[in-house]
Amino acid sequence: MKIIKVNLGKRSYDIMIGKDILSNFDFTKLCSKKCAIITDSNTRKLYSENLENLLNSTGYDAKLLEFPAGEKSKTWEMAGKIGRKLAKEGFDRSSTIIAIGGGVTGDLAGFVASVYQRGIGFVQIPTTLLAHVDSSIGGKTGVDIPEGKNLLGTFHQPKAVIIDIKTLETLPEKEIRNGFAEIIKYGMISDKKLFSYLEANITSRPDGFYPHIIERSCRIKADIVEKDEREGELRKILNYGHTIGHAIEAYENFKISHGEAVALGMVYEAKIANILGFLDKDSLKRQNKLIKAAGLPTEYNFKNPDKIIEIMRKDKKSKDSRLYFALPEQIGKIKKENNKTALPVDEKTVLKSFYKI
């Protein structure tokens, strides 16, 4: 088992990566005797019931709380329902929440943990590739409201992140591709060696492929979070592909997956970087070729571009209704100006990127 430490003083925690580590994991140091397992309807039968049985057979008082799978469950209303269930079951400040599932589960359960009785401990057990490398790490929690994605949220670091690579065996190919989007992002913003490795191996996926890309991605994310826990500046580089991506996702009413949306976001945000003279055409083509090789989309039909812009204006990454982007200047490096990683871009340039690919 590989262990990556996220060093945040009293809020430090370990990311534990291994294969088939859930079946006999020792939760003694992570969970109080009374714990709630929050999961979605897809993950319940696959992993959550087994975890509940394991905990209860070893002296815990574990309760399984299920919600309907999908982004549409990641709401203020659902958080309230889960909070009421916790209260009715007698959970208190010493109790622990275990989030087991994908990014929606981690975001929702983490948000509940951050506000229930003003904050209780929680453990992340991500079961999708995307959650392995991104959403489970860093303490961002949130729920969606009609006006935007993750507009209600908190920073609440987990007590641990447990990544069992065996969970990838039950994932459909579409979910694997979703994770690839975030891993390609890490290569673009921080690690040209990872990017080159993906170029050489993303189609064949040889032995050791998943452990390598998961560990490397987790180390990149952990390093960024350690330096900028609450997104003062550096952590904004993780938003590459997400400004346009989130807008497309919201416009499509989440009928497009998060990974597909991020992939499209990277395509068009890299084009913005090229239009502004930051990113050369060869690097732009390499990125888009890799995204396509990963089975992700590289073109989007902007039927209502003004609406996409409007959604971006309301995004939490905007400021004074201006659009800000983390933009690559080369593969493995984000452009900085005056030590700022999120740069303002005028709306005409953004619109130009929609039509000039």
If you average the C-alpha positions of the stretch 110-152 and of the stretch 1-65 separately, how far apart do those two centres end up, in angstrom?
16 Å
State whether the stretch 73-114 is rounded, prolate or oblate according to the following rule on the C-alpha gyration tensor (a ≥ b ≥ c being the square roots of its eigenvalues): a/c under 1.5 gives rounded; otherwise a/b larger than b/c gives prolate, and the remaining case gives oblate.
oblate
log₁₀ I(q)/I(0) of the stretch 2-170 at q = 0.12, 0.20 Å⁻¹, via Debye over equal Cα point scatterers, no solvent, to two decimals?
-0.46, -1.44
Measure up Lys185/Lys333; Lys5/Lys336; Lys5/Lys33; Lys45/Lys174; Lys34/Lys85 against 18 Å on the Cα-Cα distance and list the ones that go over.
Lys5/Lys336; Lys5/Lys33; Lys45/Lys174
Using Cβ counts within 10 Å as a stand-in for footprinting exposure, how do Arg216, Arg230 rank, fewest first?
Arg230, Arg216
When we measure straight from the Cα of Lys303, which aspartates and glutamates land under 15 angstrom away, once same-chain ones fewer than 8 places off are left out?
Glu249, Glu252
Cross-link partners among aspartates and glutamates for Lys271, C-alpha distance below 15 Å, same-chain residues fewer than 8 apart left out?
Asp280, Asp282, Glu299, Glu329, Asp346, Glu347
Whole-number percent relative contact order across the chain, with pairs defined as alpha carbons under 8 Å at least 6 apart:
15 percent
With R₀ set to 35 angstrom, the calculated FRET efficiency between the beta-carbons of Asp92 and Ile145, to the nearest 0.05, is 0.75
A correct Karplus calculation of ³J(HN,Hα) over the stretch 215-221, with 6.51 cos²θ - 1.76 cosθ + 1.60, θ = phi - 60°, whole Hz and x for Gly and Pro, returns 4, 5, 5, 5, 5, 4, 5
Going down the list Lys289/Lys340; Lys88/Lys140; Lys319/Lys348; Lys255/Lys352; Lys193/Lys285, which pairs span over 19 Å between their C-alpha atoms?
Lys289/Lys340; Lys88/Lys140; Lys255/Lys352
Additional length obtainable on full extension of the chain from Glu337 to Ser321, 0.36 nm per residue less Cα span:
3.8 nm
Positive-end residue of His212, Leu151, Ala263, charge dipole of the chain with Cβ unit charges:
Leu151
Based on other C-beta atoms within 10 Å, arrange Glu215, Glu169 from fewest to most.
Glu169, Glu215
Residue order, fewest to most surrounding Cβ atoms within 10 angstrom, among Thr75, Thr43
Thr75, Thr43
Quick one: Cα centre-to-centre distance for the stretch 169-193 and the stretch 198-221, in angstrom?
8 Å
For the chain, rounded, prolate or oblate, judged on the Cα gyration tensor with a ≥ b ≥ c (square roots of eigenvalues), a/c < 1.5 rounded, else prolate if a/b > b/c?
prolate
With label points built 7 Å along Cα→Cβ from the Cα atoms of Ala200 and Glu169, find their separation and express it in nm.
2.8 nm
Rounding to the nearest 10 and keeping the result within 0 to 90°, find how far the Cα-based axis of helix 173-190 lies from the longest principal axis of the chain.
60 degrees
Just to confirm the number: angle between the C-alpha axis of helix 103-115 and the first principal axis of the chain, 0 to 90 degrees, nearest 10?
60 degrees
Rounded to the nearest 500, what is the 222 nm mean residue ellipticity of the chain from helices alone, with -39500 (n - 2.57) per DSSP H run of 4+ residues and division by all residues?
-12500 deg cm²/dmol
Alpha carbon convex hull of the stretch 212-278, volume per residue in cubic angstrom
116 Å³
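Read the figures in this text as sums done on the coordinates, not as results from a lab. Note that the structure is a prediction, hence the values are computed from the model and not measured. Note: ideal-geometry Cβ built from the backbone for every residue, glycine included; neighbour counts use all protein chains shown.
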